[in-house]
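Right, one structure below, let's go through it.
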Amino acid sequence: MVAVNIAYDVGSRDEDAARTGFAHLFEHLMFSGSKNVADFDDPLQRAGGENNAYTTPDYTTFYEILPLENIETALWLESDRMLSLNISKKDFEVQRKVVVEEFKETCLNEPYGDMWHHLNAMVYPEHPYRWPVIGLTPEHIEQATLTEVRDFYKKWYTPANAVLCIAGNLSAQESFELAEKWFGDIPGGSKPRRNMPVLPAQTAPLYKEVEADVPVPALFLAFRMPARLEPDFYVIDLLSDILAQGHSSRLYRRLFKEQQLFSQIDAYVTASTDPGLFVVEGRPVEGVSIEQALEAIWKELELLKNTLIESRELSKILNRFENNVVFSEISALSKAQNLAYYEILDKAELINEEVATYLAVTPAELQRCAREYLRPENAATLVYKPKKMA
């Protein structure tokens, strides 16, 4: 089997504030057919393959997995939609409805579904991260014109703004020859320039309470953290693992299992190209107030600041991290996606370097970053409370 991955350096942060959701819309439109391919899925399925795609705030990825002997089917399909995607009025109307329905289903009709709308707006008031990938409002897609959509395609979906990665049992030379055969004649275009606003430092706690149709209260505690390529990113990422990676992690063991304060609790980082977020989210059990729940979380964060993590606990986290990386690299698809992502960051060599960077993190660095970033002045708290019965 071979994996073919094309990553386009375009995400929701590249949209106009009055026309959000376009990057996600194109995740759907790219399967609508192109000049020589009426149905993208049919030729791939007949070649024994499968495909999918996903959109992030920073980039969009399309991939295929198929037998190596049929690799040119995937390259033909990808090159044809890169050169001449069929953005007809009919196809646009179909995908517009799909995306609007997805917005309503996942954001408006799902409990806590609009969490990123609230949280991002608090933390990123002047940055395009302030809207999630799905978009700010369904009206932006409903009101979009065919001309606007075609212009977005011409600007972002070009060879100059894409990374092709092939992972499988073939040589680099064979891969280069295949890439040249299928993509060499496509006009390269020019890479769009970004001018992202610089985020001002947060100087006071942020707090928002939302009364919504949710089954139980929930809280989301978010902290500004460094961008993906900053040295402290790796330290903060490990702090999230210490708190919430596995059943022996601190939040699960102490707040979920021992003290039974939460029915669900987690911590993670957004790992975005521009400064991202370290998020702790939880749902208190019945009888535990939001105030009690927040107090318990802050107590755990203070322990990270005031007590050096023991080497045994850190080693366990690092061993699990290294184990996950090694096993993920067994998959050709994971390797292709990781390489493409790192190349989007203009640092493909990170695929060979990041494990060592994580393993070099010390208890002192963890404590320093906990003190520097996990502060009330750097926090945004979002609380959901069920609507009161009439």
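Summary table below
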item: Kirkwood hydrodynamic radius (C-alpha pairs) into Stokes-Einstein, segment 206-252, 10 °C and 1.306 mPa s, D in µm²/s; result: 119 µm²/s
item: Cα pair distances exceeding 36 angstrom across the chain, given as percent; result: 31 percent
item: Centroid-to-centroid separation of segment 147-211 and segment 50-111 [C-alpha atoms, Å]; result: 14 Å
item: For segment 1-121, with +1 on Lys and Arg beta carbons and -1 on Asp and Glu, the positive-most of Phe26, Ala53, Tyr8 along the dipole; result: Phe26
item: Under 30 Å from Lys104, Cα to Cα: lysines that are on another chain or at least 8 residues apart; result: Lys89, Lys90, Lys154, Lys155, Lys208, Lys385, Lys387, Lys388
item: Check: the chain dipole with +1 on Lys, Arg Cβ and -1 on Asp, Glu Cβ, in debye; result: 860 debye
item: Kirkwood Rh in Å, taken over segment 17-122 so that all alpha-carbon pairs contribute; result: 15.5 Å
item: Residue (of Thr273, Tyr342, Leu308) at the positive-pole extreme of segment 206-386, dipole from beta-carbon charges; result: Leu308
item: Principal-axis tilt of helix 311-328 within the chain, Cα atoms, nearest 10 degrees; result: 20 degrees
item: Nearby aspartates and glutamates by direct alpha-carbon distance to Lys191 (threshold 15 angstrom, same-chain neighbours under 8 apart not counted); result: Asp9, Asp14, Asp58, Asp151, Glu343, Asp346
item: Relative contact order (%) - criterion: Cα under 8 Å, at least six apart; region: the chain; result: 22 percent
item: The chain: most fluctuating residue of Asn352, Asn36, Asn86 per GNM, C-alpha cutoff 10 Å; result: Asn352
item: Inter-part distance where segment 293-338 and segment 348-384 are each reduced to a Cα centre, Å; result: 10 Å
item: Over segment 280-390 - Rg/Rh using Cα atoms and the Kirkwood inverse-distance radius; result: 1.10
item: Estimated dipole of segment 206-386 in Debye, rounded to 20 [Cβ of Lys and Arg +1, of Asp and Glu -1, Cα centre]; result: 440 debye
item: Translational diffusion of segment 2-183, µm² s⁻¹ [Kirkwood Rh, Cα pairs; Stokes-Einstein; 25 °C; 0.890 mPa s]; result: 142 µm²/s
item: DSSP beta bridges in segment 206-386 [antiparallel fraction, %, rounded to 5]; result: 75 percent
item: Kirkwood-type radius of segment 206-386, with distances r between different C-alpha atoms, in Å; result: 17.4 Å
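Laboratory data are not the source of any read-out in this text; all were calculated from the coordinates shown. Every value quoted in this text rests on a predicted model; they were computed, and no experiment measured them. Virtual Cβ from ideal backbone geometry, glycine too; neighbours counted across all protein chains shown.
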